[in-house]
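Taking it in order: structure first as structure tokens, then the write-up.
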Amino acid sequence: MRHQANHRLCGRAVRAAAMLSATATATSGAARWVSAPTARARVFLRTRGPHAPPMGDSAQFGAAGTETRRAPRAVLVLATAWLLLVPAGAPPAAAAVPAPDPAAIPAPPAPEGVHAVTVTALAPGAHDSLHGYVEYRFQVHNRSAERAHRVRVSLPAEGRGYGTMLGVSRSAVVGPGSTVVLSLLQPPVMTHGYSAEVRVDGARARGVDVDIPDHGPGAYYPHADDQIRVLTSHGAKQAVADLEADDAIGATMAREPAAAWSPNWLSYTRYDGLIVTGAEAVAMPPPVRTALEQYVEAGGVVLVLGPERAPAGFLGLDEPGAGHVGRVFGQCLTARDWNESGVRSAFDRAIRLTAKPFQQVATVAEAHTHFPVVQNLSIPVRGMLLLMFGFVAVIGPVNLILLYRLRRRLLLFVTTPAVSLLTCGLVFTYALFSEGISARYRLMTLTVLDEPHRRATTVGWLAFYSPLTPRGGLRFSYHTELSPQFGWGDPYTVRSGGGALNVDWTEGQHLTGGWIRPRIPLHFRLRKSEPRRERLKVRRDASGLTVVNGLGADIRRLTLADHDGRLYVGTDIAAGSEAALEPQGIQAGGGPLRAFFQGDWEDMIPALAGNPTRFLRPGAYVADLDGNPFVEHGLANAVPTNCLTVVYGILESGDRED
């Protein structure tokens, strides 16, 4: 035990000497100051290493042996005290080291790969909604100075559970040192999650936390099916408390100021009404004001508060003070204050009318009943049973009796598969000739073509049916709102795993996955607002009115009301051709299109085509087109069936609706 303690003390002394030697190696004087004791300690370790035999207590050593055993401890104590407490002289001062030149220091390497891109979520309001689109905005910054990166953002990043079947994604190439904002829009289909997945050049990067609200009919409890949503600006926060007092209305104040609102009109479709102040409307950038105008034209409601006058031409507001202005399918209200008499009741009525078409979502069967895409969806049970009984009779008793009489019973191994193949061929031939292999679609729309503002607003229905699963998915533009018609319990919602429905916004609105399933119809209620250049050129001469068809499709029937309200009719006008209209001798006096929006679109559109004077006003026309240049049907190589396209046009110098 004693020699082990000696060895430990020896090691401590050597380590202390080594530390002093390493610290003082900057100068030769410091090196000489510690060199001798360090050498003596190393010599002692070589002579008394850890494997040296212990010093014995034999008689031959006597007193000398005792002194020898005590010598190492005394030497260690004296050496340690000399090294640590009694320096032989202060080491010389170290030479001054010049400061490095900042220009000579190499810059750290630029980040590359997944570390070169940072993604920040500009999260939406985390509140439930029933219809419309929820916009998720992500700011993507490429810190690389030389290389561009392809960034893909998708949500949700977590696995999908029961009843959750929607995934949304978008990709973009971000240049060196550039920053872009990616918008991902979620249609009214339920999904769950807490974060978004980020991939840089295919490699997975760090995810981004996102508030994903419950959105769509499946996210609501039964008592909240009639929920109405209102978005208010910071300047109109006084209206939030009053609106929340109504159980059917959910009011939310925007997180960002009105000037920073989205320039995409689809991001406002989840709300039935918006409230802003006149000062905030003036501060809005032009793209945001344009998005609000599109929202109103597609059926939304905007209330402008305050004494400040809105910008010229904004939502058709030309006069300050209380009042209302109809704009296509929507309405704009103005008031000096939220507490002004009649403002709350007028706004309440307006938002309820806007929400009415979206409060009831049909199931697959109900949607097909209201808007059938094929005439018969029933399975021919009787025919299949007769075919099955005939197959059993032929392959069984008839086959056995016939082969027994012919004494060719071994042919049973030939006739059985032959009859089976023949039966399968008959079934396939019947299905081929009854349904074919091509997908079919039905499109019924009403487009309001505002020629003075160069904008078209469309509402309507779109349905698909396919015997087989089509390839390529569905493709629509960035300006189209799609509200799928399927309820809880339909084949589109009862799913327990991933791989259900997906929407990619990289190149338009691309719907992939199981949106169209074999022999199950798919219905959408759609809205669209976008800039358009089509127009109907009207010229008056001595013989009457002539028009040039610049609508992009053949006109089956045209009914036009001039600025005095006199009606003219023309038929079979080819695209790009000129035709004369015949006067009818009656006056136009239709009502506003707002009344059309709150009705059943699948019934109102054919009624408008059959009786145009019901909604036709002076300076407008109604055209029944052969084809639809304003809305894409979305499915390649699909066959149209029973489609209807109606255009309500507002002439260049026509009266504004009020």
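The values are calculated or read from the model by the stated rules, or taken from the named source; none is laboratory data. The structure presented is a predicted model; accordingly, all values stated were derived computationally and were not measured. All Cβ positions, even for glycine, are placed from backbone atoms using ideal geometry, and neighbour counts span all protein chains on display. The accessibility values were calculated without ligands, DNA or RNA, using every heavy atom of the protein model including side chains. Shrake-Rupley method; radii C 1.70, N 1.55, O 1.52, S 1.80 Å.
So, of the residues in segment 114-162 that are among the β-branched types (V, I, T) and modelled with pLDDT of 85 or more, which turns out to be surrounded by the fewest Cβ atoms within 10 Å (Cβ to Cβ)?
T120
Which condition number does Y568 fail, the rest of (1) under 30 Å from A291 (Cα atoms); (2) open to solvent by less than 60 Å² (accessible area, probe 1.4 Å); (3) not basic (K, R) being met?
Of everything listed in (1) under 30 Å from A291 (Cα atoms); (2) open to solvent by less than 60 Å² (accessible area, probe 1.4 Å); (3) not basic (K, R), Y568 misses just condition (1).
Keeping to segment 192-212, report how many residues are assigned to a strand (DSSP E or B), open to solvent by 70 Å² or more (accessible area, probe 1.4 Å) and over 15 Å from L122 (Cβ atoms).
Summing the residues that are assigned to a strand (DSSP E or B), open to solvent by 70 Å² or more (accessible area, probe 1.4 Å) and over 15 Å from L122 (Cβ atoms) in segment 192-212 gives 2.
Could you check how many residues of segment 265-279 are surrounded by 24 or more Cβ atoms within 10 Å (Cβ to Cβ) and not aromatic (F, W, Y)?
Matching residues across segment 265-279 total 8.
Within segment 630-658, can you find the residues that are in a loop (DSSP other than H, G, I, E, B), open to solvent by 20 Å² or more (accessible area, probe 1.4 Å) and either modelled with pLDDT of 95 or more or closer than 24 Å to S466 by Cβ (or both)?
Result: E632, H633, A636, N637, T641, N642, C643.
Any idea which residue in segment 327-338 is nearest to R309 (Cα to Cα), counting only those that are in contact (Cβ under 8 Å) with a residue 40 or more places away in the chain and not β-branched (V, I, T)?
For segment 327-338, the residue satisfying everything is W338.
Please go through segment 347-403 and pick out each residue that is among the β-branched types (V, I, T) and open to solvent by 60 Å² or more (accessible area, probe 1.4 Å).
T369, I379, V381, V392, V394, V398, I401
Residue-wise test of (1) within 21 Å of R617 (Cβ to Cβ); (2) open to solvent by less than 20 Å² (accessible area, probe 1.4 Å); (3) in a strand (DSSP E or B).
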residue	(1), (2), (3)
V503	no, yes, yes
L511	no, yes, yes
F524	no, yes, yes
R527	no, yes, yes
R533	no, no, no
K537	yes, no, yes
V547	yes, yes, yes
T559	yes, yes, yes
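Does F391 satisfy the condition of being out of contact with any helix residue (DSSP H, G or I) (no Cβ under 8 Å at 6 or more places or on another chain), aromatic (F, W, Y) and either closer than 30 Å to A620 by Cα or in a helix (DSSP H, G or I) (or both)?
Against the criterion (out of contact with any helix residue (DSSP H, G or I) (no Cβ under 8 Å at 6 or more places or on another chain), aromatic (F, W, Y) and either closer than 30 Å to A620 by Cα or in a helix (DSSP H, G or I) (or both)), F391 does not qualify.
I'd like to check something: does segment 359-371 contain any residue that is modelled with pLDDT of 85 or more and under 30 Å from P618 (Cβ atoms)?
No.
Identify, please: which residue in segment 595-617 is part of a loop (DSSP other than H, G, I, E, B) and surrounded by 18 or more Cβ atoms within 10 Å (Cβ to Cβ) and is, among those, modelled with the lowest pLDDT?
F615
Going residue by residue through segment 363-375, is there one that turns out to be in a helix (DSSP H, G or I) and farther than 22 Å from S466 by Cβ?
The answer is no; no qualifying residue exists.
Tell me, yes or no, whether segment 260-275 has at least one residue that is within 17 Å of R527 (Cβ to Cβ) and among the charged types (D, E, K, R).
Yes, some residue in segment 260-275 is within 17 Å of R527 (Cβ to Cβ) and among the charged types (D, E, K, R).
Quick one: count up the residues across segment 451-475 that are open to solvent by less than 10 Å² (accessible area, probe 1.4 Å), out of contact with any Pro (no Cβ under 9 Å at 6 or more places or on another chain) and in a strand (DSSP E or B).
6
Kindly establish whether V181 is of a type outside the set (S, T, Y), open to solvent by 70 Å² or more (accessible area, probe 1.4 Å) and either outside any loop (DSSP other than H, G, I, E, B) or touching a Ser or Thr at 6+ places or on another chain (Cβ under 8 Å) (or both).
Yes; evaluated as a whole, the condition is true for this residue.
Limited to segment 337-346, what total is found for residues that are part of a helix (DSSP H, G or I) and open to solvent by 90 Å² or more (accessible area, probe 1.4 Å)?
1
Exactly one condition in (1) under 24 Å from L522 (Cα atoms); (2) more than 42 Å from the chain's Cα centre (by Cα); (3) among the hydroxyl-bearing types (S, T, Y) is not met by T571; state its number.
For T571, the failing item is (1).
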